[in-house]
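The values are calculated or read from the model by the stated rules, or taken from the named source; none is laboratory data. Quick caveat: nothing in here was measured; it's all calculated off a predicted structure. Note: ideal-geometry Cβ built from the backbone for every residue, glycine included; neighbour counts use all protein chains shown. All accessible areas refer to the heavy atoms of the entire protein, side chains included, with ligands and DNA or RNA removed. Shrake-Rupley method; radii C 1.70, N 1.55, O 1.52, S 1.80 Å.
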Amino acid sequence: MLKKIGRHPLVMKLVGNAMAYYLLFVRKTSKFTLDPPNFYEDHIGNVPYVVSMWHGQHFMTPFARPDDWDVRVMISRSADGEMQSICASKLGLGIIRAAGAQRANQINKRGGMRGFIEALRALKEGGNVAMTADVPKGPARKAGKGIVQLAKHSGRPLLPIAIATSRHHDLDSWDKASINLPFSHIALCFGEPIPVPSDASDEQLEEIRQLLETRMNETTDKAYAIAKSGK
């Protein structure tokens, strides 16, 4: 009964809106640091990007979007994904409902192929596409192949990003989800973009996948270091 109530559209809308207002509260009560500080000015001519995030570290990423950037985020079709979609839409992001999978027989069920095509269309239209690099349900912080394939077929570079707060509560979940707390120092960090050649071989794609994973972890570590330093 409780599970059924929790999946009611009205309940999910209320929860999604509450999430958005909570994240806005965290943002408005916190100091904000961008690294590199001139990233947007230096890269305005290079958009769109395939923006890469880690699962569980992504809740504050709507605040990485400048007002004049079109950003569309890929979110699963699950009930949790529905609430996150409502939240992300409230915070100004476009939505692509799909998710990756570890096994081929799950891709269609999760809308992976349709989402891939929609993401390609969005990038062709000039919109940035943001998605988590690691695939549910784990292992956490291990980049999957899907995001690299999207960069290859779209011709757009991968952009590693991470956002962290000095005050947070970490959950005991597969993705090591971090609940950001108000009155924090927020650090938003960008890694060096990674180009993916359209003719890249399977071996080259694997090297790029590993490079993305390394840069994602470096960028995440840097974001937490900056947030906790208070500088």
The long-range amide H neighbours of residue 55, using H built 1.01 Å from N in the peptide plane and a cut-off of under 5 Å, are 133, 134, 141
Simple spin-label estimate for residue 204/residue 22, 7 Å along Cα→Cβ, in nm, reads 4.4
Mean accessible area per residue over the chain (1.4 angstrom probe, all protein chains present, square angstrom) is 52
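For residue 149 and residue 124 in the same chain, what is the full-extension length gain: residue separation times 0.36 nm, less their Cα-Cα distance, in nm?
On the way: separation 25, 0.36 × 25 = 9.00 nm, distance 1.50 nm.
So the extension gain works out to 7.5 nm.
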Taking 32-42, 77-87, 15-25 and ranking on average Cβ neighbours within 10 Å, highest first, one gets 77-87, 15-25, 32-42
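Before rounding to the nearest 500, sum -39500 (n - 2.57) across all DSSP H runs of length at least 4 in the chain and divide by the residue total; then give [θ] at 222 nm in deg cm²/dmol.
Working: 8 runs with 96 residues, N = 231.
Taken over the chain, the calculation gives -13000 deg cm²/dmol.
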For the table 28/222; 142/176; 124/152; 31/228; 142/228; 31/222, the rows whose alpha-carbon distance is greater than 18 Å are 28/222; 142/228
One finds, for residue 14 and residue 68 with R0 = 25 angstrom and r their Cβ-Cβ distance, a FRET efficiency to the nearest 0.05 of 0.25
Taking R0 as 30 Å and r as the Cβ-Cβ distance between residue 170 and residue 46, the FRET efficiency 1/(1 + (r/R0)^6), rounded to the nearest 0.05, comes to 0.35
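Express the carbon and sulfur contribution to the solvent-accessible surface of the chain as a percent, rounded to the nearest whole number, probe 1.4 angstrom.
Working: 6580 of 12050 Å².
Taking all protein chains in place, the chain shows 55 percent carbon and sulfur surface.
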